[in-house]
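The values are calculated or read from the model by the stated rules, or taken from the named source; none is laboratory data. Source: prediction; values computed, not measured. In this analysis, Cβ positions are derived from the backbone assuming ideal geometry, glycine residues included, and neighbour counts consider all displayed protein chains. Ligands, DNA and RNA are excluded from the accessible area calculation, which covers all protein heavy atoms including side chains. Shrake-Rupley method; radii C 1.70, N 1.55, O 1.52, S 1.80 Å.
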Amino acid sequence: MKSLLLLAALGCVSANLSWNADCSNIDDAARRWVESKKSQNDVYIIGLTYCRYCTYAKDYLGRMGFDKVYTDNLDETVAGRPDKFALINYAYCQYSKLKSVPQVFIRGKFIGGFTDTRHYYYTGQGVYDAYRAGKYSHYYAYKAAIKKAAIEFVDEGVERTKGGKFFVLSKTRCTHCFKAKDCLKDANVSEKIIELYEINDFKTHDEIKRYKQVKTGSPYTPLLAYNGKILRNHNALVQATGCSVY
């Protein structure tokens, strides 16, 4: 019964946690524990055994190239580990400001939750970190993983547009990108249904452009998708939105 009460106290609903954070009262044992796990492992996760977002995050970490992940599941008993609430409180106060799991650290750096971890893969930075950690046998294997991340970024982004949403891969100094954004604004498309990324500094940048050329015949940004399909050009966006920006 005690363990059930502890699980109820954690209150994980859609990977959310509930406890009274207290950043004025940091437990030193919890601090030492988290810092040691961060430094001793390429990937460290604070999670729960029944949290599906933790499982999803581990999938993307595997795609990056990290085959070993140390996970502190807060609903498990671990010999010598500080109080679970002290542990998550330290992570919250020192790094994350998140009351949810997973909380992911890669090579000592706090990455974020599931969405942040997925994005870290999409940008190619996670693959690069794995390469720097010696997870790829040679440079060409690393480049192949970057290409795979770029393709999955596009394909999964397009898939998420089903149901009338938009996916836009843009650049900050791109005339056609400005035009596409103006079109969406002119059509009063809610920002809530637009998934937009500026890919200038992404390590997947070049492979995204190559894949766009395969899919549309042009490598240039923006890459646009709506309702489960890549839009071939700006005219297709105008048709999809009814905007008056030509």
Item to check | DSSP bridge orientation in the chain - percent antiparallel, rounded to nearest 5 | outcome: 65 percent
Checklist entry - Where in the chain are the DSSP H helices whose C-alpha atoms run 15 Å or more along the long axis and whose mean Kyte hydropathy is at least 0.0? => result none
Checklist outcome for this item: Across 10 Å bins beginning at 0, the whole-percent shares of Cα-Cα pair distances in region 114-238 come to 13, 44, 31, 10, 2
Next on the checklist: Taking the solvent-accessible surface of protein heavy atoms with a 1.4 Å probe, what is the per residue accessible area of the chain in Å²?
Outcome noted: 52 Å²
Next on the checklist: Looking at the chain as a GNM with Cα springs under 10 Å, which of V34, V78, V154 has the largest mean-square fluctuation?
Outcome noted: V78
Next on the checklist: Under 20 °C and 1.002 mPa s, how fast does the chain diffuse according to Stokes-Einstein, given a Kirkwood radius computed over C-alpha pairs? Answer in µm²/s, whole number.
Outcome noted: 108 µm²/s
Item to check | Rounded to the nearest 10 Å², the accessible area of H205 at probe 1.4 Å | outcome: 20 Å²
Checklist entry - Going by accessible area, probe 1.4 Å, with all protein chains left in place, what is the ranking of I111, I208, I193, largest first? => result I193, I111, I208
Checklist entry - Excluding ligands and nucleic acids, what accessible area in Å² is computed for S137 using a 1.4 Å probe, to the nearest 10? => result 110 Å²
Next on the checklist: Report the rotationally averaged projected area of region 71-159 based on its alpha-carbon convex hull, in square nanometres.
Outcome noted: 7.5 nm²
Checklist outcome for this item: Net charge near C177 (other residues with Cβ under 9 Å of its Cβ; Lys, Arg +1; Asp, Glu -1) is +3
Next on the checklist: If I ignore ligands, DNA and RNA and count only protein heavy atoms, how much of R210 is accessible to a 1.4 Å probe, in Å² to the nearest 10?
Outcome noted: 130 Å²
